[in-house]
Amino acid sequence: MEIVNLPPPVLEERHEPARQPPLAIQKDAVPVGKSEEKATPTVPQEAEPQDDTPAMVKPTRMLSEKVLDDPRSRKARKELAALAPADQIEQLCGLEAMAQVGAWSKELRPDRLVAYAMADPKMIGDAFSADGAALHSKKDWYALKFKCELTPDHKMVSAFEFLVGEPIPHEEWAEHSLPDESESLD
């Protein structure tokens, strides 16, 4: 939340009622609960609605380029270049997602991602969004939501945000085309 200082209000000439002295020195002050007639009614404060939606994690450093620059990724770079442009985008953003989640969490060790597991991903302009992705770590699949913004040539990730959800129940894996792997893919 950002705090913004507003300019002072423009004062118009107003006729305000005379101010009453503070309650402690009012002669006819009535203790709370003694008399409903003389007690000053309180105005209830409006409660601000609470948003229970967890905030997306917004890393400041993109990691996919570093992963692909590693000499051990030579084969992955070659395979990525051979894909159709739409598949390159999905794979590049999936790589960024796994690298970011792995850097963010000590417990999760992502080794596979399915961007279309529970909902179709969307490409709007230079942004690839997957609200229904699934992330594999160790022996479980986790719900994942992410937004991956790309450079205009779609070759690098320029911004990324994600939210890891709860583990996907094992009985739902087949419904979402998630492989049932008895061992980790690490």
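The values are calculated or read from the model by the stated rules, or taken from the named source; none is laboratory data. Bear in mind the structure is a predicted one, so any value in this text is a computation, not a measurement. When we count neighbours, we look across all protein chains shown, and the Cβ atoms used for this are built from the backbone with ideal geometry, even at glycine. For the accessible areas, the whole protein counts, side chains as well, though only heavy atoms, and no ligand, DNA or RNA atoms are used. Shrake-Rupley method; radii C 1.70, N 1.55, O 1.52, S 1.80 Å.
How large is the charge dipole for the stretch 116-186, taken about the Cα centre, if only the Cβ atoms of Lys, Arg (+1) and Asp, Glu (-1) carry charge, to the nearest 20 debye? Each step should come with its number before you reach the end.
Numbers: 6 positive and 15 negative charges, 62 e Å.
So the dipole magnitude of the stretch 116-186 works out to roughly 300 debye.
Per-residue HN-Hα couplings for the stretch 67-76, Karplus 6.51 cos²θ - 1.76 cosθ + 1.60 at θ = phi - 60°, whole Hz, x for Gly and Pro?
Once θ is set to phi - 60°, the couplings for the stretch 67-76 become 4, 6, 6, 5, x, 5, 9, 3, 5, 4 Hz.
Ordering Arg77, Arg109, Arg61 by how much accessible area each has at a 1.4 Å probe, largest first, what is the list?
Details: Arg77 90, Arg109 125, Arg61 150 Å².
Solvent-accessible surface, decreasing: Arg61, Arg109, Arg77.
Could you sort His170, His176, His154, His136 by accessible area so the largest value comes first, with the probe set to 1.4 Å?
Working: His170 100, His176 30, His154 50, His136 0 Å².
Ranked from most to least accessible, the order is His170, His154, His176, His136.
Using just the Cα positions, wrap the stretch 63-163 in a convex hull and report its mean projected area in square nanometres, one decimal place. All intermediate terms of the calculation are to be shown ahead of the outcome.
Details: hull surface 24.8 nm².
Value for the stretch 63-163: 6.2 nm².
Structure shown: which of Lys75/Lys106; Lys58/Lys155; Lys58/Lys139; Lys75/Lys139 lie over 22 Å apart, alpha-carbon to alpha-carbon? Write down the numbers at each step before the final one.
Details: Lys75/Lys106 27 Å; Lys58/Lys155 20 Å; Lys58/Lys139 26 Å; Lys75/Lys139 26 Å.
Correct reply: Lys75/Lys106; Lys58/Lys139; Lys75/Lys139.
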